[in-house]
Protein chains: 2
Amino acid sequence: MTFSRLLIETIYSKKNPVLVGLDPRFDWIPEAIRRNADPKNNEQVAEVFKEFCREIIDIVAPLVPAIKLQAAFFEQYGVHGMSTLHWLIHYIRIKKGLAVIFDGKRNDIGSTAEAYAAGILGEHSSWGADALTVSPYLGDDSLEPFVKTAVERNAGIFVLVKTSNPGGKMIQDLVVDGKTIYRRIAEYVQQLSLSTQARSERYGNIGAVVGATWSEQLAELRGVMPNTWFLVPGFGSQGGSAKDVAAAFDENGLGAIINNSRGILFAYRQEPFQSTFGETKWQQAVEAATIQMIEQLRAETPAGKLTNNNTK
Amino acid sequence: MTFSRLLIETIYSKKNPVLVGLDPRFDWIPEAIRRNADPKNNEQVAEVFKEFCREIIDIVAPLVPAIKLQAAFFEQYGVHGMSTLHWLIHYIRIKKGLAVIFDGKRNDIGSTAEAYAAGILGEHSSWGADALTVSPYLGDDSLEPFVKTAVERNAGIFVLVKTSNPGGKMIQDLVVDGKTIYRRIAEYVQQLSLSTQARSERYGNIGAVVGATWSEQLAELRGVMPNTWFLVPGFGSQGGSAKDVAAAFDENGLGAIINNSRGILFAYRQEPFQSTFGETKWQQAVEAATIQMIEQLRAETPAGKLTNNNTK
């Protein structure tokens, strides 16, 4: 099954486009799970991350179509952290059947790019992810090996186009011959996506990262990339609202997955969930925050149409 | 000791600026080391990589100042590969006293960028590298956490500016208001480097990646970044010659480290070393190729001046 088809099937089955991001931070993990673990002991922290993330996955798996793992938070704890990352990818994919995105923002050239793609993407790879985020600064010949390997393995790639952070404008918003850099990259990604489109599918297998914090650019880029999946970070804690991301979707409520990491993982630390649940009921806070986000997207974006579909 | 001072001391002690790149590829590793290892068994490949790279390190450590590890080739073999990467970093740093660069081209925003930097950089970090390569597409606020952590830990950062591959021009060579993107990034990197400059040091601790394949741009960028270390890939197998990289150095032969990966690791597969040594004497080929590169740089670049200095 192509990556695009996997996304469509998991999205239709859950009737929403929420992508839960696993960005574990030791200090914020509930005391009941941290217990006496030493924050300077990589093995202990990695065990805490495994337990915390496994509980999160168990709570959100019946609700959402896909999960994104932020590699940095695991890599920070060395080989033990990477071992937990590996375990979680397989748990999400094999035990829960959700789409798994490895958020590593990898990039390199030639055979090095191939090595990243070959190691991370596909069922029989070392890491076993369904998709990987990649950075485009090294240009077209650096993206091609990622695209080639992804397609060979029925996996996907999300290329950074317009990122959610304010500083992204430093390169991305520069204008060359009347056209921004992000738009140029978007046009290239759309070509890549078309070149990987399966027969009778609207979307190809090469996606774009476009921040929820830029609602106008989301609309512009949906126009530039009509056959490209969007991975939209920046919802919630970075300020993007459901209304802001509405333009990321097509008329059927497909074409975008909306990420929320801290707002779900650490919902117990934020209102209204802090008052209602608090740390002792952190699992209920995770569930409530996920359901709230699903409902907001259904109410204020074309993703509401997903509830009309039985399957497709 | 700052990262810049570490580079200066290791370069003066070896009297050359060669950076050996560890990019192990299973198929090219001599039969005597591969033996019966199964290329699909991550644990076995990771063991072969460890043995091969350890031998390389033993051969080149008396000759060169620094070693770069390409994370992709280790990550490709999962947790076992990462375990070998970790072992090698410590072996190079602790047992051999060379500078170690983690070539991961990492990039992300805010606390995620901090997590990468905190995990990879500095003696007490999980990975323990002296420096890390990073990609600038996400802009200034994505680079700041890397810079801050690097400086706090007496470590370094190399920002991709003008990469060695032809496709790099897709973004890097675009011209905005009469100035290329790579030059804009270079100006920003020079500011960062100045902001991290220790008293009485010419160079700061934030460096730039500039490919050996672009000799004109090397000269231009040396002018734009007078206080910035250059990490120069693309020597040898990608076509850069000693003459091509001459402009990367300052008048004392400092300011740049020149990387060679395949040309040293797999010298036994290339002429003239293939005929002279062949696979059975692959270690002698590694040594001869390293010495040849050192001599070429001494003969054709300002790095020849390093042999005049006793210490500094």
Any residue in the range A:168-184 that is at pLDDT below 95, within 14 Å of another protein chain (Cβ to nearest Cβ), surrounded by fewer than 24 Cβ atoms within 10 Å (Cβ to Cβ) and touching a Ser or Thr at 6+ places or on another chain (Cβ under 8 Å)? no
Which of the residues spanning the range A:271-283 are part of a helix (DSSP H, G or I) and either crowded, with 17+ Cβ neighbours inside 10 Å or in contact with a Ser or Thr (Cβ under 8 Å, 6 or more places away or on another chain) (or both)? A:Phe273, A:Trp282, A:Gln283
All but one of (1) more than 16 Å from the chain's Cα centre (by Cα); (2) more than 29 Å from A:Ser215 (Cα to Cα) hold for A:Gly128; state the number of the condition that does not hold. (1)
Can you say whether A:Ala37 is part of a loop (DSSP other than H, G, I, E, B), among the aliphatic types (A, V, I, L, M) and free of Cβ contacts under 8 Å to residues at least 60 places away in the same chain, as far as the supplied structure shows? yes
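Out of the residues in the range A:2-34 that are at negative phi and in a loop (DSSP other than H, G, I, E, B), state the one that is farthest from the chain's Cα centre (by Cα).
Residues of the range A:2-34 at negative phi: A:2-14, A:16-34.
If we keep only those that are in a loop (DSSP other than H, G, I, E, B) as well, we get A:2, A:16-17, A:23-25, A:29-30.
Working: A:Thr2: 17, A:Asn16: 14, A:Pro17: 11, A:Asp23: 11, A:Pro24: 15, A:Arg25: 18, A:Ile29: 21, A:Pro30: 24 Å.
So, considering only residues that are at negative phi and in a loop (DSSP other than H, G, I, E, B), the one farthest from the chain's Cα centre (by Cα) is A:Pro30.
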Scanning for something surrounded by fewer than 17 Cβ atoms within 10 Å (Cβ to Cβ) and within 27 Å of A:Ala242 (Cα to Cα), does the range A:27-50 turn up at least one residue? yes
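Could we say that B:Leu194 is aliphatic (A, V, I, L, M) and out of contact with any helix residue (DSSP H, G or I) (no Cβ under 9 Å at 6 or more places or on another chain) here?
On the way: aliphatic (A, V, I, L, M): yes; out of contact with any helix residue (DSSP H, G or I) (no Cβ under 9 Å at 6 or more places or on another chain): yes.
For B:Leu194, the condition - aliphatic (A, V, I, L, M) and out of contact with any helix residue (DSSP H, G or I) (no Cβ under 9 Å at 6 or more places or on another chain) - is met.
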Within the range A:222-245, residues surrounded by fewer than 22 Cβ atoms within 10 Å (Cβ to Cβ) and out of contact with any helix residue (DSSP H, G or I) (no Cβ under 6 Å at 6 or more places or on another chain) come out as A:Gly223, A:Pro226, A:Gln238, A:Gly239, A:Ser241
Residue set A:Thr180, A:Thr163; condition touching a Gly at 6+ places or on another chain (Cβ under 6 Å) and either of a type outside the set (Gly, Ala, Ser) or at negative phi (or both); output residue A:Thr163
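Among the residues of the range A:289-310, are any among the aliphatic types (A, V, I, L, M), touching an Asp or Glu at 6+ places or on another chain (Cβ under 9 Å) and either in contact (Cβ under 8 Å) with a residue 12 or more places away in the chain or closer than 21 Å to A:Ala212 by Cα (or both)? If you could, list the steps in order and put the result at the bottom.
Looking only at the range A:289-310, we keep the residues that are among the aliphatic types (A, V, I, L, M), and these are A:289, A:291, A:293-294, A:297, A:299, A:303, A:306.
Narrowing the set further to residues that are touching an Asp or Glu at 6+ places or on another chain (Cβ under 9 Å) leaves none.
The answer is no, given that none of the residues of the range A:289-310 is among the aliphatic types (A, V, I, L, M), touching an Asp or Glu at 6+ places or on another chain (Cβ under 9 Å) and either in contact (Cβ under 8 Å) with a residue 12 or more places away in the chain or closer than 21 Å to A:Ala212 by Cα (or both).
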Only one residue in B:Tyr116, B:Tyr77, B:Tyr91 is closer than 29 Å to A:Gly168 by Cβ and aromatic (Phe, Trp, Tyr), so which one is that? B:Tyr116
So B:Gly156 fits all but one of (1) away from every other protein chain (no Cβ under 14 Å); (2) more than 21 Å from B:Ser135 (Cβ to Cβ); (3) not hydrophobic (A, V, I, L, M, F, W, C); what number is the exception? (2)
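Consider B:Phe49 carefully, then state whether it is of a type in the set (Phe, Trp, Tyr) and within 11 Å of chain A (Cβ to nearest Cβ).
Working: of a type in the set (Phe, Trp, Tyr): yes; within 11 Å of chain A (Cβ to nearest Cβ): no.
No: the conditions fail for B:Phe49.
Rundown of residues vs (1) of a type outside the set (Phe, Trp, Tyr); (2) crowded, with 23+ Cβ neighbours inside 10 Å; (3) touching a residue at least 24 places away in the same chain (Cβ under 8 Å), yes/no style:
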| residue | (1), (2), (3) |
| --- | --- |
| A:Gly81 | yes, yes, yes |
| A:His86 | yes, no, yes |
| A:His90 | yes, no, yes |
| A:Arg93 | yes, no, yes |
| A:Ala99 | yes, yes, yes |
| A:Asp103 | yes, yes, yes |
| A:Asn107 | yes, yes, yes |
| A:Tyr116 | no, yes, yes |
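The values are calculated or read from the model by the stated rules, or taken from the named source; none is laboratory data. Note that the structure is predicted; figures quoted are calculated from it, not measured. So basically every Cβ, Gly included, is an ideal-geometry build from the backbone, and we count neighbours across all protein chains shown.
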